[in-house]
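Here is the structure we will look at.
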Amino acid sequence: MAGASLYVIAAGALAADDDAKSSLSKPYVTVNGSIQPNARAELLLREQITRGAKDSQKLREGVRDILIKQALMEQEARKAGLDKDVLLQAQIDLARQNILALAWQQKVLNELKIKDDDIKAEYDSQIARLGDKEYLIRHLLVAEESTAKLLIEKIQSGARIADLAKEYSRDAGTNEKGGLTDWTAQGNLLPPLAAAIKTLTKGKVAPNPVKTDAGWHVVQLEDVRPFKAPSMQDLKPQLTQIVARRMLDAQIKALQDKAKVE
């Protein structure tokens, strides 16, 4: 039978107290003698709630049904000797390793002490990288340089990028908009595009195709304006994540540096 209730762990908690641990270890349902503890039911319940389901008796009955079916299939897999398969054992080991690694990362992130000076330094670095201008451009993206050159010739003969975009451009994000991009800060442009754009005046098309990893671009500068950076306060959540990730990466790097790897 299902347990009378599930012990709901507070969001973000890394360890439960003794009462919680005791409740989580108790059986939620037992299938052919195999105990499915409250902890498993709690994880399934939280997974469903995260996806938008509302906690209800019906949802808990669904969780119970899932646990029963999973237990039965696991039992059959063991009878068939699947648990002895080397690759399946490796898959299970990798899943366990990954879960523990993610749990350790979350523990480190929760314990980080990020100072305002760290956030300010990251803000200054990001703003400097973005530059002092932002551009509105039109472009065509094609696979071959020869095609890009042909399109430039068409434009030089009077054709408009906006008219060519739908037929020729492979960029799904702009080909229905006449090749028009959103306003983009200088530092957010791919370096080859940024270099080409800086040589153009409004309305001009780069005389040569521009190569990036995505393909060949035909580029026109539509407009340019000073870049107004968002405030540090507006960006604080993103900046905090960047700083935290860098600090976590530093800890991982330190572990690698002192590890004995053979």
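The values are calculated or read from the model by the stated rules, or taken from the named source; none is laboratory data. Computed from a prediction, not measured in an experiment: that's the story for all the values here. Please note: Cβ atoms are built from the backbone with ideal geometry, for glycine as well, and neighbour counts cover all protein chains shown. Accessible surface is based on the protein model in full, side chains and every heavy atom, while ligands, DNA and RNA are left aside. Shrake-Rupley method; radii C 1.70, N 1.55, O 1.52, S 1.80 Å.
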Sort out which residues of the stretch 72-92 are assigned to a helix (DSSP H, G or I), open to solvent by less than 70 Å² (accessible area, probe 1.4 Å) and over 15 Å from residue 32 (Cβ atoms), and write them in order of number. 83, 88, 90
Of all residues in the stretch 143-174, which are part of a helix (DSSP H, G or I) and closer than 16 Å to residue 213 by Cβ? 145, 148
In this structure, does residue 56 turn out to be in contact with a helix residue (DSSP H, G or I) (Cβ under 6 Å, 6 or more places away or on another chain) and either over 30 Å from residue 107 (Cα atoms) or modelled with pLDDT of 95 or more (or both)? no
Quick check: is even one residue across the stretch 139-152 closer than 27 Å to residue 237 by Cα, of a type in the set (A, V, I, L, M) and surrounded by 11 or more Cβ atoms within 10 Å (Cβ to Cβ)? no
If you go through 168, 135, the only one that is closer than 30 Å to residue 240 by Cα and crowded, with 18+ Cβ neighbours inside 10 Å is 135
Specify which of the listed residues (222, 176) is over 21 Å from the mean Cα position of the chain (by Cα), at pLDDT below 95 and among the acidic types (Asp, Glu). 176
All positions within the stretch 218-262 that are among the aliphatic types (A, V, I, L, M) and assigned to a helix (DSSP H, G or I): 232, 235, 239, 242, 243, 244, 247, 248, 250, 252, 254, 255
Residue 162 passes all but one of the listed conditions (1) over 30 Å from residue 123 (Cα atoms); (2) in contact (Cβ under 8 Å) with a residue 40 or more places away in the chain; the exception is number (2)
If I filter the stretch 216-232 for residues that are of a type in the set (Asp, Glu) and open to solvent by 90 Å² or more (accessible area, probe 1.4 Å), do I get at least one hit? no
I'd like the full set of residues that are in contact with a helix residue (DSSP H, G or I) (Cβ under 6 Å, 6 or more places away or on another chain) and surrounded by fewer than 17 Cβ atoms within 10 Å (Cβ to Cβ), limited to the stretch 109-129. 109, 112, 114, 129
Could you list all residues from the stretch 54-71 that are over 23 Å from residue 83 (Cα atoms) and open to solvent by less than 40 Å² (accessible area, probe 1.4 Å)? 59, 62, 63
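Per-residue answers, yes or no, for (1) touching a strand residue (DSSP E or B) at 6+ places or on another chain (Cβ under 6 Å); (2) modelled with pLDDT under 95; (3) open to solvent by 60 Å² or more (accessible area, probe 1.4 Å):
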site: 162; (1), (2), (3): no, yes, no
site: 172; (1), (2), (3): no, yes, yes
site: 199; (1), (2), (3): no, yes, yes
site: 207; (1), (2), (3): no, no, yes
